[in-house]
Amino acid sequence: MKITVIGAGAIGGNLAAKLSAAGHDVQVADARGAEAVRAEVLESGARAADLADAVQGRDVIVLSIPFGVAGRLADLFASVPDETVVIDTSNYYPGMLSEPIEAVDNGQVESVYTAELLGRPVVKAWNAALAETQRTKGVPAGTPGRLAIPVAGDSEEARKVAMSLVDDTGFDPYDAGTLADSWRQQPNSPAYCTELTLDELPAALAAADRAKDAAIRDSLPERIAALGANPTVDDVVEMNRAAHR
(Lines give C-alpha, C1' and ligand atoms only; values in the text may rest on other atoms or scores of the structure.)
Protein backbone atom coordinates (compact mmCIF):
# COMPACT_ATOMS: atom_id res chain seq x y z
CA MET A 1 0.00 0.00 0.00
CA LYS A 2 0.98 3.63 -0.39
CA ILE A 3 1.31 4.94 3.15
CA THR A 4 2.27 8.30 4.62
CA VAL A 5 3.22 8.63 8.26
CA ILE A 6 2.91 12.18 9.57
CA GLY A 7 5.16 12.57 12.58
CA ALA A 8 8.62 11.07 12.90
CA GLY A 9 8.82 10.65 16.66
CA ALA A 10 8.96 7.37 18.56
CA ILE A 11 5.66 5.91 17.36
CA GLY A 12 5.69 7.41 13.88
CA GLY A 13 9.30 6.43 13.34
CA ASN A 14 8.61 2.86 14.45
CA LEU A 15 5.65 2.54 12.13
CA ALA A 16 7.44 4.02 9.13
CA ALA A 17 10.34 1.61 9.57
CA LYS A 18 8.19 -1.47 10.17
CA LEU A 19 5.70 -0.79 7.39
CA SER A 20 8.42 -0.12 4.85
CA ALA A 21 10.22 -3.29 5.95
CA ALA A 22 6.94 -5.14 5.34
CA GLY A 23 7.02 -4.02 1.71
CA HIS A 24 4.78 -0.96 1.71
CA ASP A 25 5.58 2.27 -0.11
CA VAL A 26 6.10 4.59 2.88
CA GLN A 27 6.65 8.33 3.04
CA VAL A 28 7.41 10.14 6.29
CA ALA A 29 6.48 13.78 6.80
CA ASP A 30 7.22 16.03 9.74
CA ALA A 31 5.95 19.52 10.48
CA ARG A 32 9.59 20.60 10.95
CA GLY A 33 10.43 19.57 7.39
CA ALA A 34 11.79 16.49 5.63
CA GLU A 35 15.25 17.11 7.07
CA ALA A 36 13.87 16.47 10.57
CA VAL A 37 13.24 12.78 9.80
CA ARG A 38 15.92 10.69 11.51
CA ALA A 39 18.14 8.54 9.28
CA GLU A 40 17.29 5.33 11.12
CA VAL A 41 13.61 5.80 10.29
CA LEU A 42 14.52 5.59 6.60
CA GLU A 43 16.84 2.58 6.76
CA SER A 44 14.12 0.10 5.71
CA GLY A 45 13.22 2.09 2.60
CA ALA A 46 10.84 4.80 3.79
CA ARG A 47 11.35 8.21 2.21
CA ALA A 48 11.23 11.63 3.82
CA ALA A 49 8.74 13.98 2.15
CA ASP A 50 7.41 17.50 2.52
CA LEU A 51 4.12 17.63 4.38
CA ALA A 52 2.14 19.30 1.59
CA ASP A 53 3.12 16.62 -0.93
CA ALA A 54 2.94 13.60 1.34
CA VAL A 55 -0.87 13.35 1.61
CA GLN A 56 -1.60 13.15 -2.10
CA GLY A 57 -2.17 9.83 -3.87
CA ARG A 58 -1.89 7.70 -0.72
CA ASP A 59 -3.98 4.75 0.44
CA VAL A 60 -3.36 5.33 4.15
CA ILE A 61 -2.23 8.30 6.24
CA VAL A 62 -1.05 7.60 9.79
CA LEU A 63 -1.19 10.54 12.19
CA SER A 64 1.49 10.22 14.85
CA ILE A 65 1.27 13.78 16.10
CA PRO A 66 0.59 15.23 19.57
CA PHE A 67 -3.00 14.98 20.71
CA GLY A 68 -5.11 18.06 20.09
CA VAL A 69 -3.18 19.53 17.14
CA ALA A 70 -4.95 17.74 14.27
CA GLY A 71 -6.92 20.89 13.49
CA ARG A 72 -3.73 22.43 12.13
CA LEU A 73 -3.88 19.87 9.31
CA ALA A 74 -7.58 20.34 8.44
CA ASP A 75 -6.87 22.51 5.41
CA LEU A 76 -4.26 20.02 4.18
CA PHE A 77 -6.72 17.14 4.50
CA ALA A 78 -9.52 18.97 2.70
CA SER A 79 -8.06 17.75 -0.60
CA VAL A 80 -7.48 14.15 0.54
CA PRO A 81 -9.97 11.70 -1.05
CA ASP A 82 -12.64 10.21 1.19
CA GLU A 83 -11.40 6.68 0.49
CA THR A 84 -8.00 7.39 2.04
CA VAL A 85 -7.84 5.66 5.43
CA VAL A 86 -6.62 7.96 8.21
CA ILE A 87 -5.26 6.31 11.37
CA ASP A 88 -4.82 8.20 14.66
CA THR A 89 -2.21 6.99 17.16
CA SER A 90 -2.41 9.85 19.67
CA ASN A 91 -3.20 9.86 23.39
CA TYR A 92 -4.42 12.57 25.75
CA TYR A 93 -2.31 13.36 28.82
CA PRO A 94 -3.66 16.68 30.15
CA GLY A 95 -1.10 18.77 31.96
CA MET A 96 1.70 16.44 30.85
CA LEU A 97 1.76 16.18 27.06
CA SER A 98 -1.15 18.49 26.31
CA GLU A 99 -3.04 21.42 27.69
CA PRO A 100 -6.38 20.38 29.23
CA ILE A 101 -9.14 20.12 26.62
CA GLU A 102 -12.59 20.81 28.01
CA ALA A 103 -14.54 18.68 25.53
CA VAL A 104 -12.44 15.59 26.26
CA ASP A 105 -12.41 16.23 30.00
CA ASN A 106 -16.20 16.35 29.79
CA GLY A 107 -16.37 12.93 28.17
CA GLN A 108 -15.78 13.25 24.43
CA VAL A 109 -13.79 10.27 23.19
CA GLU A 110 -10.25 11.22 22.21
CA SER A 111 -10.31 10.09 18.59
CA VAL A 112 -13.83 11.41 18.06
CA TYR A 113 -12.41 14.79 19.05
CA THR A 114 -9.47 14.30 16.67
CA ALA A 115 -11.85 13.40 13.81
CA GLU A 116 -13.80 16.59 14.44
CA LEU A 117 -10.63 18.68 14.39
CA LEU A 118 -9.45 17.04 11.20
CA GLY A 119 -12.83 17.19 9.51
CA ARG A 120 -12.93 13.52 8.48
CA PRO A 121 -13.26 10.02 9.99
CA VAL A 122 -10.27 8.33 11.60
CA VAL A 123 -9.39 4.87 12.86
CA LYS A 124 -7.74 4.47 16.28
CA ALA A 125 -4.74 2.11 16.29
CA TRP A 126 -1.25 1.64 17.76
CA ASN A 127 -2.04 4.02 20.61
CA ALA A 128 -2.33 1.27 23.23
CA ALA A 129 1.22 -0.08 23.07
CA LEU A 130 4.39 1.58 24.29
CA ALA A 131 6.79 2.80 21.62
CA GLU A 132 9.44 0.41 22.89
CA THR A 133 6.96 -2.47 22.86
CA GLN A 134 6.20 -1.67 19.24
CA ARG A 135 9.87 -1.38 18.37
CA THR A 136 11.10 -4.57 20.00
CA LYS A 137 8.26 -7.04 20.57
CA GLY A 138 6.61 -7.49 17.19
CA VAL A 139 6.80 -11.07 15.92
CA PRO A 140 5.44 -13.00 12.91
CA ALA A 141 1.80 -14.06 12.84
CA GLY A 142 1.22 -17.38 14.55
CA THR A 143 4.05 -16.94 17.06
CA PRO A 144 2.87 -18.19 20.49
CA GLY A 145 2.27 -15.32 22.90
CA ARG A 146 2.11 -12.68 20.15
CA LEU A 147 0.90 -9.39 21.62
CA ALA A 148 -2.32 -7.76 20.41
CA ILE A 149 -3.28 -4.19 19.53
CA PRO A 150 -6.90 -2.92 19.49
CA VAL A 151 -8.25 -1.13 16.41
CA ALA A 152 -11.43 0.98 16.50
CA GLY A 153 -13.27 2.87 13.78
CA ASP A 154 -16.70 3.47 12.32
CA SER A 155 -15.93 2.08 8.84
CA GLU A 156 -15.59 -1.69 8.76
CA GLU A 157 -13.45 -1.44 5.63
CA ALA A 158 -11.14 1.14 7.20
CA ARG A 159 -10.81 -1.01 10.33
CA LYS A 160 -9.84 -3.98 8.17
CA VAL A 161 -7.14 -1.94 6.45
CA ALA A 162 -5.74 -0.76 9.79
CA MET A 163 -5.89 -4.28 11.21
CA SER A 164 -3.93 -5.63 8.26
CA LEU A 165 -1.24 -3.02 8.87
CA VAL A 166 -1.12 -3.80 12.60
CA ASP A 167 -0.47 -7.40 11.61
CA ASP A 168 2.33 -6.22 9.31
CA THR A 169 4.02 -4.47 12.24
CA GLY A 170 4.19 -7.70 14.23
CA PHE A 171 1.06 -7.70 16.40
CA ASP A 172 -2.29 -9.46 16.40
CA PRO A 173 -5.00 -6.93 15.50
CA TYR A 174 -8.23 -6.95 17.51
CA ASP A 175 -11.44 -5.40 16.18
CA ALA A 176 -12.44 -3.09 19.04
CA GLY A 177 -15.59 -1.75 17.37
CA THR A 178 -16.63 1.80 16.65
CA LEU A 179 -14.70 4.97 17.37
CA ALA A 180 -17.16 5.83 20.15
CA ASP A 181 -15.96 2.67 21.91
CA SER A 182 -12.28 3.55 21.58
CA TRP A 183 -12.28 5.13 25.05
CA ARG A 184 -11.72 1.56 26.22
CA GLN A 185 -8.18 1.68 24.76
CA GLN A 186 -7.36 5.21 25.96
CA PRO A 187 -4.92 5.97 28.82
CA ASN A 188 -4.83 4.30 31.33
CA SER A 189 -7.36 1.56 30.76
CA PRO A 190 -6.62 -2.11 31.53
CA ALA A 191 -5.93 -2.61 27.80
CA TYR A 192 -3.55 0.36 27.55
CA CYS A 193 0.16 -0.46 27.42
CA THR A 194 -0.22 -3.68 29.38
CA GLU A 195 1.08 -6.08 26.67
CA LEU A 196 -1.83 -8.50 26.31
CA THR A 197 -2.41 -11.34 23.89
CA LEU A 198 -5.42 -11.70 21.62
CA ASP A 199 -7.03 -14.01 24.18
CA GLU A 200 -6.50 -11.52 27.02
CA LEU A 201 -7.38 -8.26 25.30
CA PRO A 202 -11.21 -8.55 25.08
CA ALA A 203 -11.64 -8.89 28.85
CA ALA A 204 -9.33 -5.94 29.45
CA LEU A 205 -11.32 -3.73 27.08
CA ALA A 206 -14.56 -4.82 28.77
CA ALA A 207 -13.14 -3.93 32.19
CA ALA A 208 -12.44 -0.29 31.28
CA ASP A 209 -13.89 2.34 33.63
CA ARG A 210 -13.69 5.91 32.35
CA ALA A 211 -13.43 7.69 35.70
CA LYS A 212 -11.00 5.21 37.25
CA ASP A 213 -8.83 5.01 34.16
CA ALA A 214 -8.57 8.81 33.88
CA ALA A 215 -7.52 9.00 37.53
CA ILE A 216 -4.80 6.38 36.91
CA ARG A 217 -3.67 8.36 33.85
CA ASP A 218 -3.40 11.55 35.88
CA SER A 219 -1.30 9.81 38.54
CA LEU A 220 1.36 8.86 35.96
CA PRO A 221 4.05 11.37 37.07
CA GLU A 222 3.99 10.02 40.63
CA ARG A 223 3.96 6.40 39.49
CA ILE A 224 6.81 6.91 37.03
CA ALA A 225 8.86 8.69 39.69
CA ALA A 226 8.38 5.71 42.01
CA LEU A 227 10.07 3.46 39.45
CA GLY A 228 13.36 5.29 39.90
CA ALA A 229 15.91 6.17 37.24
CA ASN A 230 15.87 4.47 33.84
CA PRO A 231 12.88 2.12 34.14
CA THR A 232 12.71 -0.62 31.52
CA VAL A 233 9.74 -1.24 29.25
CA ASP A 234 8.90 -4.25 31.42
CA ASP A 235 8.92 -2.02 34.52
CA VAL A 236 6.43 0.36 32.89
CA VAL A 237 4.18 -2.47 31.70
CA GLU A 238 4.11 -3.97 35.19
CA MET A 239 3.32 -0.54 36.65
CA ASN A 240 0.35 -0.24 34.29
CA ARG A 241 -0.89 -3.73 35.12
CA ALA A 242 -0.53 -3.18 38.84
CA ALA A 243 -2.73 -0.10 38.69
CA HIS A 244 -5.71 -2.36 37.88
CA ARG A 245 -5.15 -5.11 40.44
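Numbers at a glance
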item: Surface accessible to a 1.4 Å probe, per residue, for the residues of region 1-116, Å²; result: 44
item: Whole-number Å³ per residue for the convex hull built on Cα positions in region 68-143; result: 126
item: Sequence-distant lysines (8 or more away, or on other chains) whose Cα lies within less than 25 Å of K160; result: K2, K18, K124, K137
item: Carbon and sulfur %, accessible surface of the chain computed with the full protein complex present, 1.4 Å; result: 51
item: In region 60-122, the GluC sites (Glu not before Pro) that fall in loop regions by DSSP, at most 11 other Cβ within 10 Å; result: E83
item: Using a Förster distance of 30 Å, the FRET efficiency for E102-T178 (Cβ separation, nearest 0.05); result: 0.80
item: Cα principal axis extents for region 140-193, largest first, Å; result: 31, 27, 12
item: Calculated [θ] (222 nm, deg cm²/dmol) that DSSP helices of n ≥ 4 give over the chain, each run adding -39,500 (n - 2.57); result: -9000 deg cm²/dmol
item: Paramagnetic reach from Y93 (point 7 Å along Cα→Cβ, amide N under 13 Å) across region 187-214; result: 187-188, 193
item: Qualifying GluC sites (Glu not before Pro) for region 1-59 [loop in DSSP, other Cβ within 10 Å: at most 16]; result: E43
item: Computed P(r) (all Cα pairs; region 98-204; 10 Å bins; percent); result: 15, 46, 31, 7, 0
item: Per residue accessible area of region 180-245, 1.4 Å probe, in Å²; result: 50
item: Region 1-111 shape via C-alpha gyration tensor axes, a/c threshold 1.5; result: prolate
item: Peptide ranges 190-196, 103-109 listed from the most packed, as the mean C-beta count within 10 angstrom indicates; result: 190-196, 103-109
item: Förster radius 45 Å - calculated FRET efficiency between A52 and V233, Cβ distance, rounded to 0.05; result: 0.80
item: Mean shadow area of region 1-40 over all directions, Cα convex hull, nm²; result: 2.5
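The values are calculated or read from the model by the stated rules, or taken from the named source; none is laboratory data. Predicted model only: the values in this text are computed from it and were never measured. Backbone-built Cβ (ideal geometry, glycine too); neighbour counts: all protein chains shown. These accessible areas exclude ligands, DNA and RNA; they are computed on the full protein's heavy atoms, side chains included. Shrake-Rupley method; radii C 1.70, N 1.55, O 1.52, S 1.80 Å.
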